[in-house]
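Here the structure comes first, spelled out in structure tokens, and everything after it is commentary.
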Amino acid sequence: MRCLTCGVEVVEGRLYCDRCAAFAGGAPTASGASDALSKIVPYRNKPALIGYYLAVFSFIPCIGLPLAIAAVVLGVRGLAVVRETPEAHGKAHAWVAIVLGGLMLVLQAACGVLFVLALRAPS
């Protein structure tokens, strides 16, 4: 099996890569709990997962605009990772990052414009 992070061949049965110490994707239990967990939390698709959380945190005023931009970019990158390695999962997280990040990008930009217009309004 190959490491999903660095691509080095990992000895069968090892849970972590010897080169980069990343989780190698082996099942820690015979029940396949690792695969079920990776479908819920796509830890193998870091751009999708980080983009998802950035999109959620883009609701925070003032810092939301750069977080929303980063969420959209990472969401697109997360979809590319899903296309390259389907076992990485994270397609839903990537789409949430793109849609919610885009929505918050528009909303944060509109709030910023309204704020600037309110500051310029004559008293």
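I want to check the label-to-label distance for Tyr53 and Phe115. Put each point 7 Å from Cα in the C-beta direction and report it in nm to one decimal.
Going by the 7 Å Cα→Cβ label model, 2.5 nm.
What is the sum of charges, Lys and Arg at +1 and Asp and Glu at -1, for the other residues whose Cβ falls under 14 Å from the Cβ of Glu9?
+1
Can you give the local net charge around Tyr53? Use residues other than it whose beta-carbon is closer than 15 angstrom to its beta-carbon, Lys and Arg +1, Asp and Glu -1. List each step's numbers first, then the result.
On the way: positive: Lys46, Arg77; negative: none.
Result for the neighbourhood of Tyr53: +2.
Counting alpha carbon pairs within less than 8 Å and at least 6 residues apart, what relative contact order, in whole percent, applies to the chain?
21 percent.
Restricting to DSSP H runs of at least four residues, report the calculated mean residue ellipticity at 222 nm for the chain, -39500 (n - 2.57) per run over all residues, nearest 500 deg cm²/dmol.
Taking each H run of at least 4 residues, the total per residue is -19500 deg cm²/dmol.
What per residue convex hull volume, in Å³, do the alpha-carbon atoms of region 42-120 yield? Walk me through the numbers before you get to the answer.
Values: hull volume 4.5 nm³, N = 79.
Each residue corresponds to 57 Å³ of Cα convex hull volume.
Each reported figure results from applying straightforward, stated rules to the coordinates on display, with no laboratory input. Just so it is clear, the model here is predicted, and its values are computed rather than measured. Note: ideal-geometry Cβ built from the backbone for every residue, glycine included; neighbour counts use all protein chains shown.
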